[in-house]
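Notes follow once the structure below has been shown.
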Amino acid sequence: MKYSEEIQKLLPLGYIYLVILGILKESIFYYQLGINILKYSTIMDILLSPIAEFTSNPITLLFIILLFVFHYNLPKIFLKYRNNRTLQKIFEVKSVEKLSEDEMKNYYIFASFKMFAVILLSFFIGTGVAGGYSTIHRIRENKIDYNYTLNYNSGESEQIYLISTNSIYYFYVEKGDKSIQIAPIG
């Protein structure tokens, strides 16, 4: 019972951490495009950004699930191989010879939690930097596929490269233009 109560206390903090990571990732991505995304985001965009990132690609979702399962079992691995110096060096954990069994478990759980948090931070920052760099590079080099048609109320239409959308805006580049446009949905 005690373990489930601790998890209930940590879940809101974990979600807040994920939301902060989502804001960080989106800000880094759009900053490279010259857009302050927080001006164009609603609270729902911000709250759903980490979930949207995880489920955006099946490979990403599988990676996150495997990462979670691995870090869930990592304290057990640490306990089983606690005298293995190579494992201690790889994961940079200290020797626990002088700790009691409960102190060892708590130390290994905390070490696993820190590693999981750092890997998630690296993932979000990495996808933000790489995604923004890749997008702006393709726009500058004109290596984009104009795969959408934007229709106006006047009956006119034009080919665009859709960079992204959120709940209220399109972010796109018109064919023949390298500047990024922002238009409300609807």
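The values are calculated or read from the model by the stated rules, or taken from the named source; none is laboratory data. Given the structure is predicted, the values throughout are model-derived calculations rather than measurements. Every residue, glycine as well, gets a Cβ built from its backbone with ideal geometry; the counts of neighbours run over all protein chains shown. Just the protein is used for accessible areas: all its heavy atoms, side chains included, with ligands, DNA and RNA removed. Shrake-Rupley method; radii C 1.70, N 1.55, O 1.52, S 1.80 Å.
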Open item on the list: Looking at Tyr146, Tyr152, Tyr161, can you tell me which residue is under 23 Å from Asn36 (Cβ atoms) and of a type outside the set (D, E, K, R)?
Closed with: Tyr161
Open item on the list: Looking at Lys105, Lys114 in this structure, which one is in a helix (DSSP H, G or I), among the charged types (D, E, K, R), under 18 Å from Leu10 (Cβ atoms) and open to solvent by 100 Å² or more (accessible area, probe 1.4 Å)?
Closed with: Lys114
Task: Hits in the range 97-111 - residues which are of a type in the set (Ser, Thr, Tyr) and more than 11 Å from Leu79 (Cβ to Cβ) - done: Ser100
Task: Test result for Gly186, in contact (Cβ under 8 Å) with a residue 60 or more places away in the chain and either under 27 Å from Asn36 (Cβ atoms) or of a type in the set (A, V, I, L, M) (or both) - done: no
Open item on the list: I need the full set of residues from the range 13-48 which are without any contact (Cβ under 8 Å) to a residue 60 or more places away in the chain, open to solvent by less than 70 Å² (accessible area, probe 1.4 Å) and farther than 20 Å from Ser134 by Cα, in order please.
Closed with: Gly14, Val19, Ile46, Leu47
- [ ] Check the range 80-93 and report whether any residue there is at positive phi and modelled with pLDDT under 80.
- [x] yes
Task: Of the criteria (1) farther than 25 Å from Phe54 by Cβ; (2) at pLDDT 85 or above; (3) aromatic (Phe, Trp, Tyr), which one Phe123 fails - done: (1)
Task: Considering residues of the range 103-134 that are polar (S, T, N, Q) and touching a helix residue (DSSP H, G or I) at 6+ places or on another chain (Cβ under 7 Å) only, the residue farthest from Leu21 (Cα to Cα) - done: Ser112
Open item on the list: Take the conditions open to solvent by 50 Å² or more (accessible area, probe 1.4 Å), part of a helix (DSSP H, G or I) and over 30 Å from Ala183 (Cβ atoms) and apply them to Phe68. Does it pass?
Closed with: yes
Task: Single residue of the range 80-102 satisfying the filter (open to solvent by less than 100 Å² (accessible area, probe 1.4 Å) and touching a helix residue (DSSP H, G or I) at 6+ places or on another chain (Cβ under 6 Å)) that is nearest to Phe54 (Cα to Cα) - done: Val93
Task: Unique residue being part of a loop (DSSP other than H, G, I, E, B) and within 16 Å of the chain's Cα centre (by Cα) when the list is Ser56, Ser95, Ser49, Ser27 - done: Ser56
Open item on the list: I'm trying to understand the selection: among the residues of the range 144-186, which are assigned to a loop (DSSP other than H, G, I, E, B), surrounded by fewer than 10 Cβ atoms within 10 Å (Cβ to Cβ) and not polar (S, T, N, Q)?
Closed with: Asp145, Tyr152, Gly155, Glu156, Gly176, Ile185, Gly186
